[in-house]
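The values are calculated or read from the model by the stated rules, or taken from the named source; none is laboratory data. As the structure is a computational prediction, the values presented were derived from the model and not from experiment. So basically every Cβ, Gly included, is an ideal-geometry build from the backbone, and we count neighbours across all protein chains shown. In case anyone asks, the SASA skips ligands and DNA or RNA and just uses the protein heavy atoms, side chains included. Shrake-Rupley method; radii C 1.70, N 1.55, O 1.52, S 1.80 Å.
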Amino acid sequence: MSKVFDEFGLYLAWLVAIAATAGSLYFSEVRHFVPCSLCWFQRIFMYPLVIILGIASFKQDKKIAGYVLPLSIIGMLIAIWHVIEENTGISIGMCNVGVPCTVKYIDWLGFITIPVLSLTAFTLITLVLSGVAFVKRTRI
(Lines give C-alpha, C1' and ligand atoms only; values in the text may rest on other atoms or scores of the structure.)
Protein backbone atom coordinates (compact mmCIF):
# COMPACT_ATOMS: atom_id res chain seq x y z
CA MET A 1 0.00 0.00 0.00
CA SER A 2 2.86 2.39 0.70
CA LYS A 3 3.98 2.02 -2.92
CA VAL A 4 0.57 3.29 -4.08
CA PHE A 5 0.83 6.39 -1.88
CA ASP A 6 4.44 6.94 -2.91
CA GLU A 7 3.90 6.64 -6.65
CA PHE A 8 0.31 7.76 -7.19
CA GLY A 9 -0.81 9.59 -4.05
CA LEU A 10 -0.27 13.11 -5.35
CA TYR A 11 -1.98 12.27 -8.64
CA LEU A 12 -4.95 10.73 -6.83
CA ALA A 13 -5.37 13.78 -4.56
CA TRP A 14 -5.08 16.03 -7.62
CA LEU A 15 -7.75 14.06 -9.51
CA VAL A 16 -10.12 14.31 -6.55
CA ALA A 17 -9.55 18.08 -6.40
CA ILE A 18 -10.19 18.37 -10.16
CA ALA A 19 -13.41 16.33 -9.89
CA ALA A 20 -14.64 18.37 -6.91
CA THR A 21 -13.89 21.67 -8.64
CA ALA A 22 -15.49 20.53 -11.89
CA GLY A 23 -18.54 19.31 -9.98
CA SER A 24 -18.98 22.58 -8.12
CA LEU A 25 -18.65 24.56 -11.33
CA TYR A 26 -21.14 22.24 -13.05
CA PHE A 27 -23.71 22.72 -10.29
CA SER A 28 -23.37 26.50 -10.29
CA GLU A 29 -22.69 27.32 -13.94
CA VAL A 30 -24.64 24.60 -15.79
CA ARG A 31 -27.42 23.67 -13.35
CA HIS A 32 -27.59 27.26 -12.01
CA PHE A 33 -27.60 26.26 -8.34
CA VAL A 34 -26.68 29.35 -6.33
CA PRO A 35 -23.98 28.50 -3.74
CA CYS A 36 -24.64 29.36 -0.10
CA SER A 37 -22.02 31.02 2.11
CA LEU A 38 -20.61 27.73 3.42
CA CYS A 39 -20.34 26.45 -0.16
CA TRP A 40 -18.27 29.51 -1.05
CA PHE A 41 -15.91 28.89 1.86
CA GLN A 42 -15.47 25.28 0.79
CA ARG A 43 -14.69 26.45 -2.74
CA ILE A 44 -12.07 28.86 -1.36
CA PHE A 45 -10.24 25.88 0.14
CA MET A 46 -10.78 23.46 -2.79
CA TYR A 47 -9.99 25.51 -5.89
CA PRO A 48 -6.33 26.26 -5.05
CA LEU A 49 -5.74 22.55 -4.47
CA VAL A 50 -6.17 21.92 -8.20
CA ILE A 51 -3.23 24.17 -9.02
CA ILE A 52 -1.02 23.29 -6.03
CA LEU A 53 -1.52 19.53 -6.32
CA GLY A 54 -1.14 19.67 -10.10
CA ILE A 55 2.27 21.31 -9.83
CA ALA A 56 3.31 18.97 -7.00
CA SER A 57 2.18 15.92 -8.98
CA PHE A 58 4.29 16.79 -12.00
CA LYS A 59 7.31 17.64 -9.86
CA GLN A 60 6.67 14.63 -7.56
CA ASP A 61 7.15 17.03 -4.64
CA LYS A 62 5.93 15.02 -1.68
CA LYS A 63 6.85 17.83 0.74
CA ILE A 64 3.73 19.64 -0.49
CA ALA A 65 1.57 17.35 1.64
CA GLY A 66 2.52 19.29 4.75
CA TYR A 67 1.44 22.55 3.14
CA VAL A 68 -1.77 21.28 1.55
CA LEU A 69 -3.07 19.27 4.50
CA PRO A 70 -4.14 22.39 6.45
CA LEU A 71 -6.22 23.55 3.46
CA SER A 72 -7.92 20.18 3.07
CA ILE A 73 -8.50 19.77 6.82
CA ILE A 74 -10.05 23.24 7.16
CA GLY A 75 -12.21 22.57 4.09
CA MET A 76 -13.24 19.24 5.61
CA LEU A 77 -14.23 20.92 8.89
CA ILE A 78 -16.34 23.49 7.02
CA ALA A 79 -17.98 20.66 5.05
CA ILE A 80 -18.72 18.77 8.29
CA TRP A 81 -20.40 21.87 9.71
CA HIS A 82 -22.35 22.30 6.46
CA VAL A 83 -23.63 18.72 6.58
CA ILE A 84 -24.67 19.20 10.22
CA GLU A 85 -26.39 22.49 9.46
CA GLU A 86 -28.10 21.07 6.38
CA ASN A 87 -29.50 18.12 8.30
CA THR A 88 -30.33 19.74 11.65
CA GLY A 89 -31.05 23.38 10.81
CA ILE A 90 -28.64 24.49 13.57
CA SER A 91 -27.08 27.65 12.17
CA ILE A 92 -24.04 29.69 13.08
CA GLY A 93 -25.49 32.68 11.25
CA MET A 94 -23.40 32.43 8.09
CA CYS A 95 -26.34 31.76 5.80
CA ASN A 96 -28.65 34.56 6.88
CA VAL A 97 -28.24 36.37 3.56
CA GLY A 98 -28.87 34.78 0.18
CA VAL A 99 -29.39 31.05 -0.21
CA PRO A 100 -29.91 29.19 3.08
CA CYS A 101 -27.33 26.52 3.85
CA THR A 102 -30.14 24.02 4.41
CA VAL A 103 -31.27 23.98 0.76
CA LYS A 104 -30.78 20.54 -0.79
CA TYR A 105 -30.41 21.05 -4.52
CA ILE A 106 -29.68 17.34 -4.95
CA ASP A 107 -30.58 14.39 -2.75
CA TRP A 108 -29.23 11.23 -4.33
CA LEU A 109 -30.01 7.93 -2.60
CA GLY A 110 -31.55 9.87 0.27
CA PHE A 111 -28.27 11.13 1.73
CA ILE A 112 -25.88 12.37 -0.98
CA THR A 113 -26.10 16.15 -1.14
CA ILE A 114 -23.65 18.76 -2.37
CA PRO A 115 -22.12 19.26 1.12
CA VAL A 116 -21.72 15.46 1.43
CA LEU A 117 -19.90 15.41 -1.93
CA SER A 118 -17.63 18.19 -0.70
CA LEU A 119 -16.97 16.40 2.58
CA THR A 120 -16.13 13.22 0.66
CA ALA A 121 -13.65 15.06 -1.57
CA PHE A 122 -11.91 16.85 1.31
CA THR A 123 -11.76 13.63 3.32
CA LEU A 124 -10.25 11.67 0.42
CA ILE A 125 -7.66 14.37 -0.22
CA THR A 126 -6.79 14.51 3.49
CA LEU A 127 -6.44 10.74 3.78
CA VAL A 128 -4.36 10.39 0.62
CA LEU A 129 -2.04 13.27 1.53
CA SER A 130 -1.68 11.86 5.06
CA GLY A 131 -0.59 8.59 3.45
CA VAL A 132 1.88 10.43 1.21
CA ALA A 133 3.33 12.30 4.21
CA PHE A 134 3.56 9.09 6.27
CA VAL A 135 5.36 7.18 3.51
CA LYS A 136 7.73 10.12 2.98
CA ARG A 137 8.47 10.28 6.73
CA THR A 138 9.17 6.53 7.04
CA ARG A 139 11.65 6.65 4.15
CA ILE A 140 13.92 9.21 5.78
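When G98 is tested against (1) out of contact with any His (no Cβ under 9 Å at 6 or more places or on another chain); (2) open to solvent by 20 Å² or more (accessible area, probe 1.4 Å); (3) touching a residue at least 60 places away in the same chain (Cβ under 8 Å); (4) not in a loop (DSSP other than H, G, I, E, B), only condition (4) is not met.
Keeping to segment 9-40, report how many residues are more than 21 Å from G131 (Cα to Cα), touching a Gly at 6+ places or on another chain (Cβ under 8 Å) and either hydrophobic (A, V, I, L, M, F, W, C) or not in a helix (DSSP H, G or I) (or both). Don't jump to the end; show me each part of the working.
So in segment 9-40, the residues more than 21 Å from G131 (Cα to Cα) come out as 21-40.
After this cut, where a residue has to be touching a Gly at 6+ places or on another chain (Cβ under 8 Å) as well, the list is 34, 36-37.
Retained after the next criterion (residues that are either hydrophobic (A, V, I, L, M, F, W, C) or not in a helix (DSSP H, G or I) (or both)): 34, 36.
Summing the residues that are more than 21 Å from G131 (Cα to Cα), touching a Gly at 6+ places or on another chain (Cβ under 8 Å) and either hydrophobic (A, V, I, L, M, F, W, C) or not in a helix (DSSP H, G or I) (or both) in segment 9-40 gives 2.
Per the conditions (1) open to solvent by 70 Å² or more (accessible area, probe 1.4 Å); (2) touching a residue at least 24 places away in the same chain (Cβ under 8 Å); (3) not basic (K, R), the sole criterion not satisfied by T21 is (1).
Going through (1) free of Cβ contacts under 8 Å to residues at least 24 places away in the same chain; (2) more than 20 Å from G23 (Cα to Cα) one by one, A133 falls short only on (1).
Only a single criterion out of (1) open to solvent by 60 Å² or more (accessible area, probe 1.4 Å); (2) β-branched (V, I, T); (3) free of Cβ contacts under 8 Å to residues at least 40 places away in the same chain is not satisfied by V34, namely (3).
Taking every residue in segment 48-61 that is over 18 Å from A19 (Cβ atoms) and pairing it with any residue that is open to solvent by 50 Å² or more (accessible area, probe 1.4 Å) and modelled with pLDDT of 95 or more, at least 6 positions away or on another chain, the pairs with Cβ-Cβ distances below 9 Å are D61/I55.
Can you go through D6, D61 and tell me which one is over 18 Å from Y105 (Cβ atoms), open to solvent by less than 70 Å² (accessible area, probe 1.4 Å) and not in a helix (DSSP H, G or I)? Spell out how you get there, then give the answer.
Values: D6 fails: not in a helix (DSSP H, G or I).
Just a single option satisfies the conditions, and that option is D61.
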